[in-house]
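Remarks on the structure that follows.
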Amino acid sequence: MEALETSISYWEDALTAYRSNEKGGPLAVLGPEEAAFCRDLQLLLESAVELQERSELLFLDERSVLFRPGSGAQPSDHDVDGEADMSGAESFASAQDQVADLREFEEFSEYFPDLEQLPLYQAALIQLEDGGIPCRSLRTELVKCGSDGEYLAKLHCLRLAFQYMLKDHTIYGWFVDAGRQMLADLMLYAEKDPKDFLIGYENMLKYLQESANWRDLEEELGLKGVKALTFYDVVLDYILMDAFEDLESPPSSVTAVVQNRWLSNGFKETALTTAVWSVLKAKRRMLKFPTGFMAHFYTLSEQLSPLLAWGFLGPDEGLRDTCIYFKEQVMGFLADIFNFQKCKYTTVEELANDVLLNLKYRVESICQRLSVQG
């Protein structure tokens, strides 16, 4: 136990020093060996801490079987310096049934994936070293990756997985239906009429299904910094993660309305909605493509943004809890798909299958909460 504690201390110092040395440099261009080392060191540290906690419970905690009556772990009146006087054969026989099975610790091997068994991830590391992997924003800590290099390599793999999934018309249909159901149910939960949202949603789908619009779409989103037209880059990164970040630091005009004690809740909500619409209206006037993707997106935002802003910032505790739950499920899904234990980075097909399973689980959880709470 003492040796493990010393090792943990050394590994913490090493990881801190490594990150400190790289703090001022572009982590996005780390070589595959450096990125792998940082990641493995982080995973080693996490598993060591967990092993330490389990060991304390197994060997030191008073709840351990070793401290139960008859286990021989507690010193008797005849012990010398705390050492129990037990016959070897009897002690071994009695302890044999009570000491934890060492197979319980086999799960720690999952924290150290063999890169040779992850050809898709290995190919992404080579791509990162040779040509780089563009991204709009590094989400390394948000999705719990060990380094920016790991994040970028996994991002490359996930882009391929989402592209592979959405080529299947059945899966594409499920994506469309799941998005429509979740957001419409959220509006119904908040006692809002989803009619305008549903009309805007269908218009958005029609726009996306027209291949003639894709060139304008690529240029339009490129101006927003989106590097690839994938579900991850557009929906998860640009739309959802940015929205959650905006809600964490809302404009002063919004907080001034919500925090005004002299206004009724009804007036606050109306004023908040008006403020959001004013911002969206100003953004519409600046669009290069007045009928393009962003115009359709703003139409949906006019229905959803005031609801989410009121949910996260307003006084309705039930709505706030539900909005927080929605955010937690989205962020949990993101952490899952960037996790070696939750998704197999072996082939595009296997990764796509794991991502879809994780997504269906989160969507089902959200829909169940909305149906129960609504």
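The values are calculated or read from the model by the stated rules, or taken from the named source; none is laboratory data. No experiment lies behind these values; they were computed from the predicted model shown. Neighbour counts are summed over all protein chains in view; Cβ atoms, including those assigned to glycine, are modelled from backbone coordinates with ideal geometry.
Here's a check for you: in the stretch 264-302, which residue that is part of a helix (DSSP H, G or I) and among the small types (Gly, Ala, Ser) is farthest from Glu220 (Cα to Cα)?
Gly266
Looking for something among the polar types (S, T, N, Q), in the same structural domain as Met187 (by TED's automatic domain parsing) and either part of a loop (DSSP other than H, G, I, E, B) or closer than 19 Å to Glu141 by Cβ (or both) - is there at least one such residue anywhere in the stretch 354-361?
To start, the set of residues in the stretch 354-361 that are among the polar types (S, T, N, Q) comprises 358.
Keeping just the survivors that are in the same structural domain as Met187 (by TED's automatic domain parsing) gives 358.
Then drop every residue that is not either part of a loop (DSSP other than H, G, I, E, B) or closer than 19 Å to Glu141 by Cβ (or both), which leaves none.
No - not one qualifying residue is present in the stretch 354-361.
Among Gly173, Gly149, which is over 18 Å from Phe297 (Cβ atoms), in contact (Cβ under 8 Å) with a residue 24 or more places away in the chain and either in a helix (DSSP H, G or I) or touching a Gly at 6+ places or on another chain (Cβ under 9 Å) (or both)?
Only one candidate passes the filter, namely Gly149.
Consider Ala212 carefully, then state whether it is over 17 Å from Leu308 (Cβ atoms) and in a helix (DSSP H, G or I).
Yes; evaluated as a whole, the condition is true for this residue.
Checking the condition surrounded by 14 or more Cβ atoms within 10 Å (Cβ to Cβ) and touching a Ser or Thr at 6+ places or on another chain (Cβ under 6 Å), which residue from Ala275, Ala295, Ala271, Ala309 passes?
The conditions single out Ala275.
Only one of these conditions is not met by Gly149: (1) modelled with pLDDT under 95; (2) assigned by TED's automatic domain parsing to the domain that holds Val235. Which number is it?
(2)
Please determine, by comparing only the residues of the stretch 152-170 that are assigned to a helix (DSSP H, G or I) and not hydrophobic (A, V, I, L, M, F, W, C), which one is surrounded by the fewest Cβ atoms within 10 Å (Cβ to Cβ).
Our first condition is that a residue be assigned to a helix (DSSP H, G or I); within the stretch 152-170, this holds for 152-166, 169-170.
Narrowing further to those that are not hydrophobic (A, V, I, L, M, F, W, C): 154, 156, 159, 163-164, 169-170.
Working: Lys154: 26, His156: 21, Arg159: 21, Gln163: 16, Tyr164: 17, His169: 8, Thr170: 6.
If we take residues in the stretch 152-170 being assigned to a helix (DSSP H, G or I) and not hydrophobic (A, V, I, L, M, F, W, C), then Thr170 is surrounded by the fewest Cβ atoms within 10 Å (Cβ to Cβ).
Restricting attention to the stretch 176-209, report how many residues are among the hydrophobic types (A, V, I, L, M, F, W, C) and either on the phi > 0 side of the Ramachandran plot or not in a helix (DSSP H, G or I) (or both). Step through it out loud before you land on a result.
Narrowing the stretch 176-209 to residues among the hydrophobic types (A, V, I, L, M, F, W, C): 176, 178, 182-184, 186-188, 190, 197-199, 204-205, 208.
Next, from what is left, pick out any that are either on the phi > 0 side of the Ramachandran plot or not in a helix (DSSP H, G or I) (or both): 190.
Of the residues in the stretch 176-209, 1 are among the hydrophobic types (A, V, I, L, M, F, W, C) and either on the phi > 0 side of the Ramachandran plot or not in a helix (DSSP H, G or I) (or both).
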